[in-house]
Amino acid sequence: MQKNGLQKAYNPQEVEDKWYEYWMKNGYFYANVNPTKKPYTIVMPPPNITGMLTLGHVLNNTIQDIYIRWKRMQGYEACWIPGTDHAGIATQNVVEKVLAKEGLRREDLGREKFLERVWQWKEEYGNTIIKQLKKLGVSCDWKREKFTMDEDLSNAVKEVFIRLYEKGLIYRGKYIVNWCPRCHTALADDEVEYKEQTGKLWYIKYPIENSNEFITVATTRPETMLGDTAVAVNPKDERYKHLVGKFAILPLVGRKLPIIADETVDIEFGTGAVKVTPAHDPNDYLIALKHNLEFVLAMDTHAKMNENVPEKYRGLDRYEARKEVVKDLEKQGYLLKVEDYTHSVGRCYRCDTVIEPYLSDQWFVKMKPLAEKALQVVLDGKIKFYPEKWVKVYEHWMRNVRDWCISRQIWWGHRIPVYYCDDCGEIMVEREAPKSCKKCGSSKIRQDEDVLDTWFSSWLWPFSTLGWPKDNEDLRYFYPTDLLVTGPDIIFFWVARMIMAGLEFMGEIPFKEVYFTSIIRDEFGRKMSKSLGNSPDPLDVIQEYGADALRFTIVYLAPLGQDILFSTKKCEIGRNFANKIWNAGRFLLMNIKDIELNDEIKFEYLDLADRWILSEFNKTIIELNRALETYRINDATRAIYDFLWHDFCDWYIEIIKERIYSQNSIDEKIALLSRATYIFEESLKLLHPFMPFITEEIWQKLRPRKEGDSIMIQPYPTADEQWIDESASKNMRFIQDIIAAVRAIRAEMNVPHTKQCDVLISVSDENKQTLINEHSHYIKKLAKVKDVTIGSNIVRPKFSASAVISGDEIFVPLEDLIDINVEKKRLEKEIQRFEEMLAETERKLSDQNFISRAPKEIVERERQKYENFKTTLEKLRQNYAYLIE
RNA sequence: GGGCGGUUAGCUCAGUUGGUUUAGAGCGCCACCCUUACAAGGUGGAGGUCAGAGGUUCGAAUCCUCUACCGCCCACCA
């Protein structure tokens with residue numbers, strides 16, 4: 001420890017947990033109905049209970065926390081509702097894996113015992129990700145934490161099912177669904193991932209009945225031929241016209257297949273003739289309905305060939321069956337040829353097993369009526385998407401929406417509230433399980449075995465978490481929510497459906513704005529994935545760099561809508577920034593420890609640098625708030641980063657050091673330090689939503705604070721435009737340029753930093769003379785200069801280096817230190833640079849079109865540039881001439 | 001097949017409605033510096049025909065068209 005009580009380098013591990021506990025203890029995260037305040041609500045996209053914290057979550061939740069903290073400081077009743085999702089298939093898979101280690105299958109336990117095990121697992125591990133999130137500093141209202149299978153949320157699910165059913169928007173139907181033979185359930189269309197795969201295209205000859213002819217079909221899945229019930233050709237296809245209406249004989253099976261004409265058949269593809277397998281292909285299914293074909297289900301739910309196929313194939317897995325079928329076809333002379341073929345194959349998004357299109361009974365939601373309204377509110381701008389490009393994607397999907405298959409043949413999830421009477425077949429959709437059949441009175445009642453798709457609970461999340469279907473104050477106050485932050489990959493799964501549900505059940509949009517986060521990739525642009533091992537554990541990153549550093553870095557790197565290329569090492573950006581702030585804090589603390597700050601006089605004794613920093617500070621506030629309002633989060637981080645590091649630390653602190661250590665009056669010192677402390681404190685507030693821990697730590701140390709005080713409940717700074725001072729900016733810039741020029745000369749001439757030099761400035765403008773005169777102490781201090789001489793007709797000293805700053809000359813006498821060759825090179829380069837720029841402005845100004853058509857101010861600016869470049873160039877040439885004398 | 005992004009310094013990216021930018025920053029690189037807030041730092045420097053071609057315009061990194069490469073999404077795939 002140092003004497004001032006702050007270590008030299010910031011150590012996040014020592015402070016982060018402490019402040020999180022402090023905030024929790026003081027209840028700052030909680031939100032309550034408060035009529036005197038405007039609400040600001042965010043519902044957290046509920047992570048899966050099987051989940052571990054990923055960088056995706058970090059980005060997502062950091063953004064939400066930034067907005068919640070920002071709005072909270074702005075005086076809103078900020079409510080961030082957290083929770084978790086039961087993740088039906090994923091969780092069931094995880095628990096089944098655990099069971100497998102004990103040599104058990106879920107069927108061994110039975111439904112009830114199995115569900116007990118899942119709940120047990122949930123109690124033990126389901127909150128892992130929530131615990132991990134807290135390390136990030138998220139300020140959620142933990143009293144409101146929800147789980148999609150909580151009793152009240154389950155009631156909401158049931159209520160929604162019943163209402164939609166009664167409205168005729170839920171129906172049961174036979175349909176080809178995407179069946180995962182591994183998870184043993186149907187999947188929604190968007191739960192299937194298509195991946196390119198090299199396979200084969202088999203050409204199979206089907207003999208025509210009572211003829212020597214054959215019709216050849218091409219297929220990528222020969223085993224499905226065992227379920228063929230027709231052959232289809234295009235009605236316009238001359239090759240096959242004579243066969244339509246006749247029958248083909250299915251090899252290996254012997255079934256008679258009608259040859260039908262259907263215009264969906266592509267003449268160009270394969271042979272132009274298609275085998276039709278209605279029970280195992282969605283297109284074939286549609287053809288079959290049109291033509292009244294037979295349906296032959298050739299597989300069971302495990303994708304093994306079933307009793308509807310010839311005996312020798314029964315019980316074979318679909319891939320074994322394929323081998324056998326191909327072998328037999330070849331043996332019997334039906335296989336014409338085999339080609340290599342690349343096509344995309346649907347796979348289960350949970351377990352990657354190849355999907356089997358499968359004819360079965362499922363429950364569906366009619367989407368068209370829901371989608372129309374949900375599209376409209378986005379097109380109307382009632383819900384805004386950031387970035388906007390997702391509106392188009394959304395529109396395309398909503399216009400082509402298909403019914404949503406909501407039943408899943410698993411055990412973990414919300415059971416479908418449908419009951420069947422075993423005696424009369426009556427279907428009852430009820431809130432409570434009926435004891436007897438409404439129609440026949442039988443007590444042989446059986447509940448539907450299936451559960452609902454996980455998204456059938458999450459699409460209610462923005463209002464089910466607030467207590468719906470019960471009408472209550474929370475719901476009326478906090479709904480609709482303000483912002484949703486989520487990944488674009490679930491725009492259809494979740495975002496679209498929440499909008500539908502919000503409009504349908506609340507009669508109002510569920511959120512006003514949606515921020516679609518970037519996708520995080522590794523430094524080579526590859527997706528983060530477990531199998532590549534390129535996904536760092538955020539907890540390790542937090543351990544190494546600190547949560548603030550991780551938070552800051554990840555949003556600093558995240559331009560709206562662009563992918564982020566992340567590597568752990570990049571967190572140095574945030575860590576170094578944290579350290580910089582830490583040390584600025586140390587500097588102030590060292591200097592204020594023996595004085596009494598006085599905010600009454602913080603705007604007194606203002607000099608140029610003070611007016612300049614106040615101006616820059618207020619500009620930063622405006623820029624930062626504007627950037628956050630338009631979701632340009634990385635611009636916001638840049639604004640505060642540049643201000644604190646470059647304006648405040650590099651220039652302002654360096655400049656005020658001289659005044660702090662000088663013999664100025666004590667009042668002036670107090671005013672100066674009060675001002676510097678004030679600007680720094682306000683900057684910490686600006687930064688707080690991004691880096692909550694370090695800003696709290698320093699803020700608490702900067703002045704004595706009362707127990708319970710916190711930076712997180714301070715008002716967010718607003719700009720005071722009276723401080724924006726363009727002339728201070730301009731004058732400061734001029735002084736800074738002079739300092740930079742002298743520094744450059746010193747560096748290039750290798751003037752030892754211990755040696756002071758003199759500077760002569762030749763400037764004719766009297767105002768500028770005064771300006772330099774009044775601020776020569778800045779130049780002396782920051783460029784290590786002994787004497788500054790100002791005059792309108794300064795004679796260039798021998799052995800001096802020179803520079804030209806906006807037309808005025810600077811000389812630095814160097815005596816023996818000057819290296820003529822270096823100086824010549826410097827000047828040559830500078831001359832060349834100005835020659836080029838002069839030529840460019842000259843070209844423009846001699847262009848009549850430019851003069852006549854460009855706006856006056858632009859032409860005038862160009863003229864000024866021209867004059868400036870010309871005098872600068874003259875002076876540079878003069879100085880160069882002296883050198884070669 | 002349809003749609004949407006991206007391409008700016010060795011690397012990662014800013015660059016808002018075309019002219020206040022003499023195309024910037026961070027990292028990396030080179031030189032000097034442990035100057036009493038900070039070497040996780042300071043100062044200075046090198047490094048760019050803004051992917052290519054054409055067009056609109058007095059003026060294009062910025063707007064339009066085409067091309068190339070990279071990446072995403074959707075649909076179809078017998």
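The values are calculated or read from the model by the stated rules, or taken from the named source; none is laboratory data. A quick note: this is a predicted structure, and the numbers were derived from the prediction, not measured. Here the Cβ positions follow ideal geometry from the backbone for every residue, glycine too, while neighbour counts run over all protein chains shown.
Apart from one condition, residue A:27 fits all of (1) in a helix (DSSP H, G or I); (2) out of contact with any strand residue (DSSP E or B) (no Cβ under 9 Å at 6 or more places or on another chain); the exception is (1). Filtering region A:772-811 to residues that are over 15 Å from residue A:745 (Cβ atoms), surrounded by fewer than 20 Cβ atoms within 10 Å (Cβ to Cβ) and in contact with a helix residue (DSSP H, G or I) (Cβ under 7 Å, 6 or more places away or on another chain) leaves A:777, A:781, A:790, A:806, A:807.
No other residue among A:677, A:695, A:718 is outside any helix (DSSP H, G or I) and modelled with pLDDT of 90 or more apart from A:718.
Might you let me know whether region A:342-351 holds any residue that is more than 15 Å from RNA strand B (Cβ to nearest atom) and either closer than 26 Å to residue A:239 by Cβ or touching a residue at least 24 places away in the same chain (Cβ under 8 Å) (or both)? If you could, list the steps in order and put the result at the bottom.
Filtering region A:342-351 for residues more than 15 Å from RNA strand B (Cβ to nearest atom) gives A:350-351.
In the following step, the residues that additionally are either closer than 26 Å to residue A:239 by Cβ or touching a residue at least 24 places away in the same chain (Cβ under 8 Å) (or both) were identified as A:350-351.
Yes, that holds for at least one residue.
Pairing each residue of region A:298-315 that is more than 20 Å from residue A:179 (Cα to Cα) with any residue that is buried (at least 21 other Cβ atoms within 10 Å of the Cβ) and of a type in the set (Gly, Ala, Ser), provided the two are 6+ apart or on different chains, yields C-beta distances under 8 Å for A:313/A:321. Among the residues of region A:629-640, is any without any contact (Cβ under 8 Å) to a residue 12 or more places away in the chain and within 25 Å of residue A:578 (Cβ to Cβ)? Scanning region A:629-640 turns up no residue that is without any contact (Cβ under 8 Å) to a residue 12 or more places away in the chain and within 25 Å of residue A:578 (Cβ to Cβ). When region A:738-766 is filtered for residues that are surrounded by fewer than 19 Cβ atoms within 10 Å (Cβ to Cβ), part of a helix (DSSP H, G or I) and out of contact with any helix residue (DSSP H, G or I) (no Cβ under 8 Å at 6 or more places or on another chain), the ones remaining, listed by number, are A:740, A:744, A:747, A:766. Per this entry, residue A:271 is not counted among residues that are among the hydroxyl-bearing types (Ser, Thr, Tyr), away from RNA strand B (no atom under 16 Å from the Cβ) and either closer than 22 Å to residue A:203 by Cβ or in contact (Cβ under 8 Å) with a residue 40 or more places away in the chain (or both).
Give the residues of region A:595-616 that are on the phi < 0 side of the Ramachandran plot and part of a loop (DSSP other than H, G, I, E, B), sorted by residue number.
Taking region A:595-616 as the starting set, the residues that turn out to be on the phi < 0 side of the Ramachandran plot are A:595-604, A:606-616.
Scanning region A:595-616 gives A:595, A:596, A:597, A:598, A:602, A:603, A:604, A:606, A:607.
The single condition among (1) assigned to a loop (DSSP other than H, G, I, E, B); (2) within 38 Å of the chain's Cα centre (by Cα); (3) modelled with pLDDT under 90; (4) polar (S, T, N, Q) that residue A:729 does not meet is (1).
Rundown of residues vs (1) surrounded by fewer than 20 Cβ atoms within 10 Å (Cβ to Cβ); (2) of a type in the set (Val, Ile, Thr); (3) assigned to a helix (DSSP H, G or I); (4) at pLDDT 85 or above, yes/no style:
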| residue | (1), (2), (3), (4) |
| --- | --- |
| A:489 | yes, no, yes, no |
| A:495 | no, yes, yes, yes |
| A:499 | no, yes, yes, yes |
| A:525 | yes, no, no, no |
| A:551 | no, no, yes, yes |
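Taking the conditions (1) farther than 29 Å from residue A:15 by Cα; (2) in a helix (DSSP H, G or I); (3) charged (D, E, K, R); (4) away from RNA strand B (no atom under 12 Å from the Cβ) in turn, residue A:619 satisfies each one other than (4). In summary, residue A:259 fulfils each of the numbered conditions (1) among the hydrophobic types (A, V, I, L, M, F, W, C); (2) touching an Asp or Glu at 6+ places or on another chain (Cβ under 8 Å); (3) within 14 Å of RNA strand B (Cβ to nearest atom) with the single exception of condition (2). If you go through region A:584-601 and keep only what is free of Cβ contacts under 8 Å to residues at least 60 places away in the same chain and near RNA strand B (Cβ under 8 Å from one of its atoms), you end up with nothing.
Mind checking whether some residue in region A:54-63 is in contact (Cβ under 8 Å) with a residue 24 or more places away in the chain, farther than 28 Å from residue A:179 by Cβ and in a loop (DSSP other than H, G, I, E, B)? Within region A:54-63, one or more residues are in contact (Cβ under 8 Å) with a residue 24 or more places away in the chain, farther than 28 Å from residue A:179 by Cβ and in a loop (DSSP other than H, G, I, E, B).
The single condition among (1) under 30 Å from residue A:527 (Cα atoms); (2) within 10 Å of RNA strand B (Cβ to nearest atom); (3) not in a loop (DSSP other than H, G, I, E, B) that residue A:646 does not satisfy is (1). When region A:553-583 is limited to residues that are free of Cβ contacts under 8 Å to residues at least 60 places away in the same chain, near RNA strand B (Cβ under 6 Å from one of its atoms) and outside any helix (DSSP H, G or I), the one that is farthest from residue A:135 (Cα to Cα) turns out to be A:562.
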